[in-house]
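The values are calculated or read from the model by the stated rules, or taken from the named source; none is laboratory data. Because the structure is a prediction, the values reported are computed rather than measured. Because the Cβ atoms are built from the backbone with ideal geometry, glycine has one as well, and the counts that use them run over all protein chains shown.
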Amino acid sequence: MIHTRRLSLLLFSLAILFTVHPLNAQYNKVSVGFYNTENLFDTIPSPFYNDHEFTPQSRRHWNSTRYRCKLENIARVIDDAGFDVVALAEVENETVVRDLVMTLSDDYSYIHRTSSDRRGIDLALLYKGDKFFPDTVCLINSNTPREFMLVHGNMIGEEMAVMICHLPSKLNDMDFRLAAASRLSSVADSLLTCAGYERLVILGDLNCELDMPPMSTVFPVGTHSCQFVDVLAKYRHHGFGSYCWDNQWILYDNIVVSKSLATGQGLHVAKAGIFIRNYMLTGTGTSVRTDRIQRGYPRRTFYGNRYLGGYSDHLPVFVIFTR
């Protein structure tokens with residue numbers, strides 16, 4: 001009997017010994033993504049901002065069925081990607097963020113803050129609690145109604161700050177876009193030099209490529225003097241993108257990290273890319289310039305007021321950190 005108990009104890013100890021390493025390895029890697037969800041709105045009219053195009057009475061006939069389809073589509077992408085942390089743009093309010101979290105297969109916590117945007121589109125951050133432990137959240141003036149959202153915390157044992165942004169589109173005046181880009185550059189520099197955030201990740205829809213104005217004018221990422229590294233540069237240089245317009249791929253969605261995260265010491269960049277699956281793209285279409293719903297484009301929810309029932313007009317981007 002004693003020998004049997006000792007043998008059982010030995011086998012139990014060996015089982016624990018051989019399971020510790022895989023568990024520890026799990027916490028040596030974390031994936032961080034960004035996804036512009038293309039107007040993730042509920043169906044309820046807001047008294048505070050202009051969301052009237054996303055109501056049942058609007059020309060888009062935005063009803064509960066279409067809203068549920070949108071939630072399930074966005075959840076499918078995030079579940080397939082398996083992000084540990086994912087920043088979201090173009091979410092209407094906390095309600096839609098909570099609904100999305102409830103639709104996801106994985107267990108996520110979330111952070112949401114209400115912006116000053118007149119259309120009511122906000123930023124949010126979803127995260128798995130065993131990979132990221134936030135301790136500070138704030139909105140930062142961006143020189144536009146769409147504030148930056150800064151989240152600071154502990155990411156798999158390392159201090160980390162994540163700043164999410166959604167800059168003005170090309171429909172706006174260049175001076176307005178330049179002011180937003182300049183503000184992003186100055187805030188990023190201040191977080192490094194004044195706040196002492198050695199590990200900083202900037203994710204967002206910049207509505208331009210990093211090597212084009214206005215970003216290239218005020219935020220020369222990758223140059224010798226700049227303290228930041230563009231982790232998606234090779235994709236842009238080879239013509240890949242996260243958004244498609246007029247049969248051209250454009251990398252509007254970007255991830256920039258501080259140099260300390262790109263050196264290979266401690267927590268560092270192991271991989272970065274654009275997440276894409278066939279179901280996220282249109283399978284049929286036309287090449288006529290007046291109807292830009294072409295084959296291979298991101299399968300979006302609307303084209304104008306025409307309902308397509310897709311996912312988003314953007315593809316997610318991501319970075320994987322290891323230590």
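Considering the range 64-117, the residues that are within 23 Å of THR136 (Cα to Cα) and charged (D, E, K, R) include one that is surrounded by the fewest Cβ atoms within 10 Å (Cβ to Cβ), namely ASP107.
Output yes when any residue across the range 42-49 is hydroxyl-bearing (Ser, Thr, Tyr) and at pLDDT below 80, and no when none is. Among the residues of the range 42-49, not one is hydroxyl-bearing (Ser, Thr, Tyr) and at pLDDT below 80, which makes the answer no. Only residues that are farther than 14 Å from VAL319 by Cα and not in a loop (DSSP other than H, G, I, E, B) were counted across the range 265-284, and they come to 4.
Within the range 93-125, the set of residues being assigned to a loop (DSSP other than H, G, I, E, B) and either of a type in the set (A, V, I, L, M, F, W, C) or under 18 Å from CYS165 (Cβ atoms) (or both) comprises LEU104, THR114, SER115, SER116, ASP117, ARG118, ARG119, GLY120, ILE121. A Cβ distance below 9 Å, combined with a sequence gap of six or more or placement on separate chains, defines the contacts here; from the range 204-221, residues that are among the aromatic types (Phe, Trp, Tyr) reach residues that are buried (at least 22 other Cβ atoms within 10 Å of the Cβ) and outside any loop (DSSP other than H, G, I, E, B) in the pairs PHE219/ALA181; PHE219/LEU184; PHE219/ALA188; PHE219/PHE228; PHE219/VAL256. Sub-7 Å Cβ pairs linking a first residue in the range 126-148 that is on the phi > 0 side of the Ramachandran plot and part of a loop (DSSP other than H, G, I, E, B) to a second residue that is at pLDDT 95 or above and aliphatic (A, V, I, L, M), at least 6 apart or interchain, are ASN143/ALA179; ASN143/ALA180, ordered by first then second residue.
The single condition among (1) at pLDDT 95 or above; (2) within 20 Å of ALA272 (Cβ to Cβ) that PHE219 does not satisfy is (1). For first residues located in the range 76-104 and farther than 20 Å from VAL151 by Cα, partners that are among the basic types (Lys, Arg) and lie 6+ apart or on another chain with Cβ distances below 8 Å form the pairs VAL77/ARG277; ASP80/ARG277.
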